1. Return only the number of the condition from (1) at pLDDT 95 or above; (2) surrounded by fewer than 19 Cβ atoms within 10 Å (Cβ to Cβ); (3) more than 28 Å from Tyr120 (Cα to Cα) that Glu169 does not satisfy.
2. Kindly indicate whether any position in region 193-216 is of a type in the set (A, V, I, L, M, F, W, C) and closer than 15 Å to Thr267 by Cα.
3. Need the failing condition index for Ile231 against (1) closer than 15 Å to Asp199 by Cα; (2) modelled with pLDDT under 95, just the number.
4. Can you find, within region 153-183, the residue that is farthest from Asp211 (Cα to Cα) among those that are of a type in the set (Lys, Arg) and over 13 Å from the mean Cα position of the chain (by Cα)?
5. Exactly one of (1) in contact with a Leu (Cβ under 6 Å, 6 or more places away or on another chain); (2) open to solvent by 20 Å² or more (accessible area, probe 1.4 Å) is unmet by Met35. Its number?
6. Somewhere in region 231-238, is a residue touching a residue at least 12 places away in the same chain (Cβ under 8 Å), crowded, with 19+ Cβ neighbours inside 10 Å and in a helix (DSSP H, G or I)?
7. Give the residue that is nearest to the chain's Cα centre (by Cα), with candidates limited to residues of region 118-152 that are among the β-branched types (Val, Ile, Thr) and buried (at least 24 other Cβ atoms within 10 Å of the Cβ).
8. Any idea how many residues of region 207-230 are open to solvent by 10 Å² or more (accessible area, probe 1.4 Å) and farther than 16 Å from Gly155 by Cα?
Amino acid sequence: MSILVNKNTKVITQNMTGKTGMFHTKGGLDYGTQMVAGAVPGKGGTSVDFALENGRTVTLPVYDTVAEAKEATGANASVIYVPPAGAADAIMEAVDADLDLVICITEGIPVLDMVKVKRYMEGKRTRLIGPNCPGVITPGECKIGIMPGYIHTPGRVGVVSRSGTLTYEAAFQLSNRGIGQSTVVGIGGDPVKGTEFIDVLKMFNEDPDTDALIMIGEIGGTAEEEAAHWIKQNMKKPVVGFIAGVTAPPGKRMGHAGAIISGGKGTASEKIATMKECGIRVAPTPSEMGSTLVELLKEKGMLEKVTVK
């Protein structure tokens, strides 16, 4: 079992005919993901050929709308590579098509646009991951997004992160230690996004095939503190945390739009202290996320269970 995506997930690429959409749709196909169609306004009725690494060629149809692509293919998810100016409309179109899951990779969507999207999605059943995120992968089954698939290993540890790069780093460290991942989720670093830490933590907590987690946060906002308190009250599984931006000077924007300290709130030290108070084992540096989890699992007698044979 896994959360969010699995081998049965069928995926539409919004803006599949663009350079980025073409590249990552091929990456998904090479990984074995069921990429089934593209949705590009004005290009309905065309198709795109993908020459895969295994020598096969796969031809995917292009539809004018997400709704048409869903009706023709039975897709239940989409991934968005639409440029920032049109990305909010692309999200709302996918929500209108009543997909289960929409993953928006686009970086640089105006905050006001995302506020409108959040309001538009109220009462709708579609789940949005992102924007400004690397995507979601259930190793060995389904890869939706821009993460390098080869660094992941199927297994029993979940990863959730605001930082794309550190998402890859955590998965790489776990795989190098023989620890596989159940699902790896990059929720994105923007201040207004579809899915928050607690949403993903709830799913991992209820997933019988996830035994432990790594949660990666960064400076700015209060999402990590809220997640830490939720973990203290609800989480049944061991959690290792890491906060990026320890050396960031106050008031300095660091990478993500949401990674900025304001009014003395959202500092790394504040977040780390809260996590420790809530029983989360915090990795001191990004290079120690994997080893910190190994140490914690050894103490709990769980390391053998999560180690890939």
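The values are calculated or read from the model by the stated rules, or taken from the named source; none is laboratory data. This structure is a prediction, so every number in the text was calculated from the model and none was measured. Don't worry about glycine lacking a Cβ; one is built from the backbone with ideal geometry, like all the others, and counts go over all protein chains shown. Areas reflect the complete protein model, heavy atoms only, side chains present, ligands, DNA and RNA absent. Shrake-Rupley method; radii C 1.70, N 1.55, O 1.52, S 1.80 Å.
1. Against the list (1) at pLDDT 95 or above; (2) surrounded by fewer than 19 Cβ atoms within 10 Å (Cβ to Cβ); (3) more than 28 Å from Tyr120 (Cα to Cα), Glu169 comes up short only on (2).
2. The answer is yes, given that some residue of region 193-216 is of a type in the set (A, V, I, L, M, F, W, C) and closer than 15 Å to Thr267 by Cα.
3. Answer for Ile231: the failing condition is (2).
4. Keep residues of region 153-183 that are of a type in the set (Lys, Arg), which gives 156, 162, 177.
This time we only want the ones that are over 13 Å from the mean Cα position of the chain (by Cα), so: 156, 177.
Values: Arg156: 6, Arg177: 16 Å.
Ranking the candidates gives Arg177 first.
5. For Met35, the exception is condition (2).
6. Yes, region 231-238 has at least one match.
7. Among those that are among the β-branched types (Val, Ile, Thr) and buried (at least 24 other Cβ atoms within 10 Å of the Cβ), it is Val136.
8. 8
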